[in-house]
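Trainee: Dropping a structure here in structure tokens format, bear with me for questions.
The values are calculated or read from the model by the stated rules, or taken from the named source; none is laboratory data. Quick caveat: nothing in here was measured; it's all calculated off a predicted structure. For neighbour counting, all protein chains shown are included, and Cβ atoms are generated from backbone atoms with ideal geometry for every residue, glycine included.
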Amino acid sequence: MKKHLYSILGFSSVAFSMLLLGSCKSDADSSGFEYMPDMYRSPAIEAYVDYGEVRGKQNKDLKLALSAMTPPKNTIPYMAGKDSAEVKFMLPHFRKPNVAFRETHGLYGFDVSTADEYLLAANDKNPLTLNAKNAEEVLKKGKELFTAMCQHCHGEKGDGNGPMVASGAYVGVPNYATLTNLSDGQIFYSIYYGKGMMGSHGSILNKKEIWTLVHYVRQFQNKDYGKFDPTGKPMALVSAPVDSTKMKP
């Protein structure tokens, strides 16, 4: 009886030792073999993950394919706890692209207008108010966005001589310093829907980010823009609204 018990214990010890040693790997960065990995690795589909390659296996049919479905039209991000002003920044822009933008800028599926909404945007004001308390933060964020999204064409100084222009890939990029006649609304409209050779950025920048860029662009037109005196009064006046009835198409 004891002999059988010792045999069972010995066999169990050997089996346990083999299992223990078998779970080890020489790779210092490896956690070893995993026991029931689905218990701590979510098997659920995750948005924006390339499921063409999962756990070392590749599926070329799924490689680089979008895993997230296109959200319903005019939906906005979930913003629990945000105030109404913040939520409004996420809503679709009330101005619509001209019907011609479907062909010129690929804005298919958008609600379009037959009116010249760019001209109508002349009196649109920047809802992101700049003051002595938030100016530094807003303009810092504006610089980050400009560097990532605009500088390659518009140049670090906003003079229209970015690397893409220098390479000859694009021409006709304007110098921001010469665009003082444009209202905040028109600059926003140009970024949101595109203008000339520039495509729409509304799908990669939200409205708050674009209005932040409008503030940053104003610095190229006035070096005192975004600066305030000790009383909190702006040293550079914000661009005045333009009378769209006096503007030529």
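Trainee: So is Val238 part of a loop (DSSP other than H, G, I, E, B), farther than 23 Å from Leu119 by Cβ, over 24 Å from the mean Cα position of the chain (by Cα) and at pLDDT below 95 or not? I'd like the intermediate steps shown before the answer.
Mentor: On the way: part of a loop (DSSP other than H, G, I, E, B): yes; farther than 23 Å from Leu119 by Cβ: no; over 24 Å from the mean Cα position of the chain (by Cα): yes; at pLDDT below 95: yes.
Spelling it out, it is not the case that Val238 is part of a loop (DSSP other than H, G, I, E, B), farther than 23 Å from Leu119 by Cβ, over 24 Å from the mean Cα position of the chain (by Cα) and at pLDDT below 95.
Trainee: Condition first: in contact (Cβ under 8 Å) with a residue 40 or more places away in the chain and farther than 9 Å from Gly185 by Cα. Now tell me which residues in region 121-135 satisfy that.
Mentor: Let us first name the residues in region 121-135 that are in contact (Cβ under 8 Å) with a residue 40 or more places away in the chain, namely 121-128, 130-132, 135.
Within region 121-135, Pro127, Leu128, Leu130, Asn131, Ala132, Ala135 qualify.
Trainee: With respect to Ala100, is the statement that it is under 15 Å from Tyr189 (Cβ atoms) and out of contact with any Pro (no Cβ under 8 Å at 6 or more places or on another chain) true? Working first, answer last.
Mentor: Details: under 15 Å from Tyr189 (Cβ atoms): yes; out of contact with any Pro (no Cβ under 8 Å at 6 or more places or on another chain): yes.
So Ala100 fits the description; yes.
Trainee: State all residues of region 102-142 that are among the hydrophobic types (A, V, I, L, M, F, W, C) and either more than 22 Å from the chain's Cα centre (by Cα) or within 22 Å of Glu86 (Cβ to Cβ) (or both); if no residue qualifies, say none.
Mentor: Residues of region 102-142 that are among the hydrophobic types (A, V, I, L, M, F, W, C), as a first pass: 107, 110, 112, 115, 119-122, 128, 130, 132, 135, 138-139.
Within region 102-142, Val112, Ala115, Leu119, Leu120, Ala121, Ala122, Leu128, Leu130, Ala132, Ala135, Val138, Leu139 qualify.
Trainee: Any residue in region 139-153 that is in contact with a Lys or Arg (Cβ under 9 Å, 6 or more places away or on another chain) and of a type in the set (Ser, Thr, Tyr)?
Mentor: Checked against the condition, which is being in contact with a Lys or Arg (Cβ under 9 Å, 6 or more places away or on another chain) and of a type in the set (Ser, Thr, Tyr), region 139-153 yields no hits at all.
Trainee: Does region 77-103 hold any residues that are surrounded by 16 or more Cβ atoms within 10 Å (Cβ to Cβ) and either free of Cβ contacts under 8 Å to residues at least 24 places away in the same chain or not in a helix (DSSP H, G or I) (or both), and which are they? Show your work before the answer.
Mentor: First, pick out the residues of region 77-103 that are surrounded by 16 or more Cβ atoms within 10 Å (Cβ to Cβ): 89, 93, 95-98, 101.
Across region 77-103, the qualifying residues are His93, Arg95, Lys96, Pro97, Asn98.
Trainee: Right, something else. Could you please let me know if Leu130 is modelled with pLDDT under 95, under 19 Å from Ser200 (Cα atoms) and hydrophobic (A, V, I, L, M, F, W, C)?
Mentor: On the way: modelled with pLDDT under 95: yes; under 19 Å from Ser200 (Cα atoms): no; hydrophobic (A, V, I, L, M, F, W, C): yes.
When the stated conditions are applied, Leu130 does not pass them.
Trainee: I've got another one for you. Looking at (1) modelled with pLDDT under 90; (2) crowded, with 16+ Cβ neighbours inside 10 Å; (3) of a type in the set (S, T, N, Q), which one does Thr231 not meet, given that it meets all the others?
Mentor: Just one mismatch for Thr231, condition (2).
Trainee: A further question follows. Can you name every one of the helices (runs of 4 or more DSSP H) wholly within region 116-235 that holds 1 or more residues which are aromatic (Phe, Trp, Tyr)? Even if it seems obvious, please write down each step before you answer.
Mentor: On the way: elements: 117-120, 135-149, 151-154, 163-166, 184-193, 207-221.
Passing ranges, in order: 117-120, 135-149, 184-193, 207-221.
Trainee: Filter region 83-117 down to residues that are aliphatic (A, V, I, L, M) and out of contact with any Lys or Arg (no Cβ under 8 Å at 6 or more places or on another chain) and give me whichever is nearest to Gly202 (Cα to Cα).
Mentor: Within region 83-117, the subset aliphatic (A, V, I, L, M) is 85, 87, 90-91, 99-100, 107, 112, 115.
Filter once more, so that each one left must be out of contact with any Lys or Arg (no Cβ under 8 Å at 6 or more places or on another chain): 85, 87, 99-100, 107, 115.
Working: Ala85: 19, Val87: 16, Val99: 16, Ala100: 17, Leu107: 10, Ala115: 20 Å.
Residue satisfying both the conditions and the ranking: Leu107.
Trainee: Still on this structure, I have one more. List the residue pairs whose Cβ atoms are under 7 Å apart, where the first residue sits in region 174-187 and is crowded, with 16+ Cβ neighbours inside 10 Å, the second is acidic (Asp, Glu) and assigned to a loop (DSSP other than H, G, I, E, B), and the two are 6 or more positions apart or on different chains.
Mentor: These pairs meet every condition: Ser183/Asp124; Asp184/Asp124; Gly185/Asp124.
Trainee: A further question follows. Thr147 passes all but one of (1) free of Cβ contacts under 8 Å to residues at least 12 places away in the same chain; (2) of a type in the set (Val, Ile, Thr); (3) under 14 Å from Asn222 (Cα atoms); which number fails?
Mentor: If we test Thr147 against (1) free of Cβ contacts under 8 Å to residues at least 12 places away in the same chain; (2) of a type in the set (Val, Ile, Thr); (3) under 14 Å from Asn222 (Cα atoms), just (3) comes out false.
Trainee: Applying the selection to region 105-120, what residues are at negative phi and without any contact (Cβ under 8 Å) to a residue 60 or more places away in the chain? Please lay out each step first, then the result.
Mentor: Here is the first cut: in region 105-120, the residues at negative phi are 105, 107-108, 110-120.
Residues satisfying the conditions are Tyr108, Phe110, Asp111, Val112, Ser113, Thr114, Ala115.
Trainee: Given (1) at pLDDT below 95; (2) closer than 26 Å to Gln219 by Cα, where does Val87 come up short, assuming only one miss?
Mentor: (2)
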